[in-house]
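Structure first, then comments.
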Amino acid sequence: DSNPTANPVDVYRCYISHVLAPITGVDIGLVYPALEWTQNLEKGDLILAVPRLRIPGKNPAELAREWAEKFPKNPYVRPPTATGTFLRFYFKKDVLSKLVLTSILSRKSAYGPIDTGKGKRVVVEFSSPNIAKPFHAGHLRSTIIGGFLSNLYESCGWDVVRMNYLGDWGKQFGILGVGYKRFGSEEKLLEDPVNHLFEVYVAINKIVEQEKEAEKAKAAEKGQKQISNGPSDQEAHEFFFKMENGSEECIAMWKRFRELSIEKYKATYSRLNISYDDYSGESQVSKESMERAGKMMREMGISSESDGAIVVDFKPHAKKLGKAVVQKKDGTTLYLTRDIGAAMERYEKYKFDKMIYVVACQQDLHLQQLFMILKLLKLDWADRLSHVNFGMVLGMSSRRGTVVFLDDILADARDKMHEVMRKNEEKYKQVEDPEMVADVIGRTAVMIQDMSGKRINNYTFDMARMTSFEGDTGPYLQYAHSRLSSIQRKAGIPTEELLKADFSLLTEDHATNLVRCLAQYPDVLQNTLKTLEPTTVVTYLFKMTHLLSSSYDVLRVLGEEPKLSAARMALYESARQVLNNGMRLLGLTPVDRM
Ligand code: ARG
């Protein structure tokens with residue numbers, strides 16, 4: 001970014017590396033990236049690990065001491081300290097406060113992200129539920145994480161294509177078609193397609209299973225091999241066969257299911273502040289692209305015939321990937337086949353620089369196989385794909401039992417939150433629309449719980465804990481935001497005034513630590529582009545809110561001398577802005593009162 005104050009820490013990084021380059025004799029281009037900020041501010045604002053500069057034959061600890069001595073006096077950083085092989089830099093307070101707070105107060109919602117992705121396009125595929133099946137915890141996580149990553153890339157200047165790849169094809173739609181003829185209700189379908197289709201699917205599956213068992217028993221009685229799965233299964237087969245061969249009646253029915261479901265999904269996604277650019281799905285992958293892929297695989301010797309099916313044996317390339325079928329005996333395609341075709345079509349359509357699949361770690365093998373096939377096909381974009389995976393949610397259940405629908409989870413969280421809020425009667429009376437606030441905070445609770453740990457870790461869904469105001473929870477984060485908003489309302493100082501405040505009055509350690517923390521936000525986002533972990537941002541926001549909580553008693557705004565009030569208000573308003581920016585990036589809606 002051409003505006004240097006977009007990232008205040010960068011101003012320091014530039015300055016220090018300019019000074020250090022001649023002292024160390026190391027190229028500035030190497031010094032600059034070696035200057036990193038620390039997790040713990042006690043250890044310095046920026047830190048240089050001397051061994052990173054790879055100076056041969058010299059003792060790094062000695063070098064650290066030598067360089068610390070040679071570093072000249074200046075207005076920006078205090079004389080560096082050498083600790084072991086590290087050189088630690090502490091920013092001087094007043095210049096820092098002015099730089100950071102004016103940057104935040106003038107950039108507002110644009111403070112944080114740096115345009116590093118200009119001109120680049122990323123496809124983020126996330127959520128991808130299966131029509132007529134429950135929207136389970138895995139889809140919830142994919143939705144939350146994928147929504148966040150999309151926002152992150154977009155804020156950093158990338159052209160983001162948010163893509164939903166619906167599970168909307170396969171034999172289960174034959175089963176659903178048959179089931180709908182028997183159990184379907186137009187009225188219920190229009191009212192609640194997602195739940196009704198699932199109901200129908202469960203009912204018909206029960207019959208299919210019963211028939212299967214009966215056939216099995218019949219065969220066993222006669223001492224014969226079971227030859228049929230029963231009449232309903234047969235009918236489902238035929239239905240799907242007709243779909244694959246373009247039967248108008250079957251396709252029309254399926255299309256309606258798909259469209260009505262998408263409409264319902266859209267409403268739910270919008271509650272999570274998500275909207276898609278592309279509702280693709282397994283059904284949308286064209287036969288031609290799959291046939292083309294099949295031909296390429298055969299010609300390049302990647303696939304071979306086995307028992308009438310077409311198989312890829314990964315063992316020569318990567319042992320642990322085993323073997324995978326890409327075409328069944330009867331010529332029909334599989335999940336993997338459709339993914340191969342889909343990836344090729346997406347590249348043709350979007351010419352992406354990057355494509356991310358946000359999918360549970362249960363599908364690690366599937367995605368490794370997919371990526372390997374595309375690589376073996378020598379597609380030059382195959383190395384632009386990545387799998388952002390995540391662990392499981394344990395112990396999830398809702399009002400309707402253990403089969404979980406996203407809407408139910410959000411409704412449960414809202415009700416629980418409402419109950420928690422009601423316990424504080426005094427406050428509750430002051431909230432204008434408690435139902436609405438409970439809904440927003442309930443969503444925050446669910447989302448923050450999901451994004452708090454490393455993606456790959458499993459976590460236990462714990463309604464009581466996530467809706468509590470104690471600990472690092474969604475409600476706590478919302479509370480921190482509404483408290484800052486309330487200070488701002490009470491003080492009533494306009495932003496233009498805050499920009500003119502005398503920042504040198506912010507002398508207390510609490511103020512300095514807050515400023516240093518706020519300064520780190522742009523770097524946190526750049527780091528998150530590497531980790532692709534929502535927790536990188538969540539952890540940062542909690543660190544900031546903890547600093548805030550301990551500051552309110554020390555840094556009062558009301559009843560202080562006007563100049564001091566203004567300087568402190570500038571600090572709090574900056575904190576509110578950064579908290580707001582971070583929360584929105586996570587897909588949350590910050591509240592001003594609660
Ligand atoms: N619909 C799949 C499921 O629910 C997830 C799709 C993942 N994405 C993909 N390109 N395979 O398991």
*With +1 on each Lys and Arg Cβ and -1 on each Asp and Glu Cβ, how big is the dipole of the chain about its Cα centre, in debye rounded to the nearest 20?*
1320
*Projected onto the charge dipole of the chain (+1 at Lys/Arg Cβ, -1 at Asp/Glu Cβ, origin at the Cα centre), which of TYR572, LEU48, LEU272 gives the Cα projection farthest towards the positive end?*
LEU48
*Quick one: plug the Kirkwood hydrodynamic radius of the range 332-470 (C-alpha pairs) into Stokes-Einstein at 10 °C, 1.306 mPa s, and report D in µm²/s.*
87
_Neighbourhood net charge (14 Å Cβ-Cβ; Lys/Arg +1, Asp/Glu -1) for GLY587_ = +3
*How big is the gap, in Å, between the Cα center of the range 382-425 and the Cα center of the range 247-263?*
29
*Sort ILE448, ILE28, ILE310 so the one with the fewest other Cβ atoms within 10 Å of its own Cβ comes first.*
ILE28, ILE310, ILE448
*So for THR528, THR81, fewest C-beta neighbours within 10 Å to most, what's the order?*
THR81, THR528
*In the range 489-529, GluC sites (Glu not before Pro) in a DSSP loop with at most 15 other beta-carbon atoms within 10 Å*: GLU508
*Hand me the GluC sites (Glu not before Pro) from the range 421-473 located in a DSSP loop with no more than 10 other Cβ atoms within 10 Å, in residue order please.*
GLU432, GLU470
_Apply the Karplus curve 6.51 cos²θ - 1.76 cosθ + 1.60, θ = phi - 60°, to the phi angles in the range 65-77 and return the couplings in whole Hz, x for Gly and Pro._
5, 4, 5, 4, 5, 7, 5, x, 5, 6, x, 9, 10
*Considering only DSSP beta bridges whose two residues both sit in the chain, what percent are antiparallel, to the nearest 5?*
50
*Give the whole-number value, in cubic angstrom per residue, of the convex hull volume spanned by the C-alpha atoms of the range 115-155.*
54
*Along the range 440-456, what does the Karplus equation 6.51 cos²θ - 1.76 cosθ + 1.60 (θ = phi - 60°) give for ³J(HN,Hα), rounded to whole Hz, x for Gly and Pro?*
5, 6, x, 4, 4, 4, 4, 6, 5, 4, 5, 9, 6, x, 4, 3, 6
*Taking Cα centroids, how far is the range 560-594 from the range 445-516 in Å?*
8
*Once all Cα-Cα distances of the range 4-91 are split into 5 Å bins that start at 0, what whole-number percent is in each one?*
3, 15, 27, 30, 17, 6, 1, 0
*Near the amide H of LYS92, under 5 Å away, which other amide H atoms are found, from residues 5 or more places off or on another chain, if H is placed in the peptide plane?*
VAL77, ARG78
_Sites GLU187 and SER386, calculated FRET efficiency, Cβ-Cβ separation with R0 41 Å, nearest 0.05_ = 0.40
*With the Cα gyration tensor of the range 449-585 in hand, convert its eigenvalues to equivalent ellipsoid semi-axes via √(5λ) and list them largest first in whole Å.*
30, 17, 12
*asked:* Can you work out the Karplus-derived ³J(HN,Hα) for every residue in the range 197-210? Use 6.51 cos²θ - 1.76 cosθ + 1.60 with θ = phi - 60°, whole Hz, and x for glycine or proline.
replied: 4, 5, 4, 4, 4, 5, 4, 6, 5, 4, 5, 4, 5, 4
*Enumerate the whole-percent occupancy of each 10 Å bin, from 0 to the last occupied one, for all C-alpha pair distances of the chain.*
3, 14, 20, 22, 18, 12, 7, 3, 1, 0
_Cα lying deepest toward the dipole's positive end in the chain, options TYR15, LEU99, SER551, charges on Cβ_ = TYR15
*Evaluate the Debye formula for the range 262-388 with equal point scatterers sitting on the alpha carbons, no solvent, and hand back log10 of I(q)/I(0) at q = 0.17 Å⁻¹, in q order, two decimals.*
-0.94
_Other-chain or far-sequence residues with amide H under 5 Å of LEU385's (modelled H)_ = MET355
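Only the coordinates and a few stated rules stand behind these numbers; no lab work does. None of the values given here were measured: they were computed from a predicted structure. Because the Cβ atoms are built from the backbone with ideal geometry, glycine has one as well, and the counts that use them run over all protein chains shown.
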